[in-house]
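The values are calculated or read from the model by the stated rules, or taken from the named source; none is laboratory data. Note that the structure is a prediction, hence the values are computed from the model and not measured. Remember, those area values only see protein heavy atoms, side chains included, never the ligands or the DNA or RNA. Shrake-Rupley method; radii C 1.70, N 1.55, O 1.52, S 1.80 Å.
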Amino acid sequence: AFAAACRGGDIERLVALLDPGAALRSDGGGVVRAARRPVRGARDIGRFLVGVLAKNPRVRLAPAATADGAGLLLVADGALVGVVTLDSRHGRVTEVWIQQNPAKLTRWPRLLPDGG
């Protein structure tokens, strides 16, 4: 549901899935653009995610199990460009972590779905 709401640009659905006090953090390693400070609050996180994906239409989301729990792979042109992990409590997402640091993404290539 989270991936569908992100890709569909459905901010209201994202807000409903997020805890009102949720936080989003991202790591681009100084190489890839990322939010410098945490994004806080369901509505701001929803707008941030929809905006980022709208600016990057090549990126597709693929559900994946990560060592950190439920996640989404960000795949562009068959290459892994990011990993999103989610933490939830009481049925709502409380934490969103986006890893886009190329040096750290080398830990996840085995998760890349066949066909990219």
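Numbers at a glance
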read-out: Relative contact order for the chain, counting Cα pairs under 8 Å that sit 6 or more residues apart, in percent; value: 27 percent
read-out: Distance histogram in 5 Å bins (all Cα pairs of the chain, percent per bin); value: 2, 12, 23, 27, 21, 11, 3, 0
read-out: Accessible carbon and sulfur surface of the chain relative to its total accessible area, %, 1.4 Å; value: 52 percent
read-out: Whether region 1-64 is rounded, prolate or oblate, judged on the alpha carbon gyration tensor where a/c under 1.5 counts as rounded; value: oblate
read-out: 0 to 90° range, to nearest 10: angle between helix 42-55 axis and the chain longest Cα axis; value: 40 degrees
read-out: Region 35-56 and region 12-27: distance between their alpha carbon centers, rounded to Å; value: 9 Å
read-out: Surface accessible to a 1.4 Å probe, per residue, for the residues of region 1-106, Å²; value: 55 Å²
read-out: Net lengthening on full extension, VAL81/ARG33 (0.36 nm per residue, minus Cα-Cα); value: 16.1 nm
